[in-house]
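The values are calculated or read from the model by the stated rules, or taken from the named source; none is laboratory data. Keep in mind that what you see is a predicted model, and the values were worked out from it rather than measured. For the accessible areas, the whole protein counts, side chains as well, though only heavy atoms, and no ligand, DNA or RNA atoms are used. Shrake-Rupley method; radii C 1.70, N 1.55, O 1.52, S 1.80 Å.
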Amino acid sequence: MAANSQRERVLTIVSIIAQYVMEERNPLTETDIVEELLAVGFDEEEIDAAFVWMEDYSLESPSEAAPSMTSSSQRVFTAEEARVLSPEARGFLLRLRTMGLLDDANQEEIIDRAVDTAEDELSLKELKTLTVLILFARSQNDWRREFDCILDDDWSRLYH
């Protein structure tokens, strides 16, 4: 199986797992999810790779090195970023940024992850999946911080 095809299948699995997590029905266990993925034709190696990718991603902290830009600035893509992100993908990121759905840090993290994971140009679908996962992981981290503040009765941290 070609590396590009395998990457697409792993990202598809990650997308399916994210959909299971975001659905409001009874949550499935990891075993249930694996059994469903096996039943629809994914192999164990692909499923393991997807879980490893998600685990590695969830353990990463957001990049502190991302440059801060004002909202009126225009992002200039490097040659490597332009190679990985098609004009449609760059337009998608610009649209999300303009709509206020992405801040500078989120946009930089999406671009960095795209460049780090792609051997060739990402499809718009792959970039959308990556974007959803990054935003979902960030929102979970914010919730964890807020829960910790509430449980520790540390109200001052909620306002900073």
Item to check | Residues located in the range 110-160, provided they are at pLDDT 85 or above and open to solvent by 80 Å² or more (accessible area, probe 1.4 Å) | outcome: Asp116, Glu121, Lys125, Lys128
Item to check | Residues of the range 103-133 classified as within 18 Å of Glu80 (Cα to Cα) and not in a helix (DSSP H, G or I), total | outcome: 6
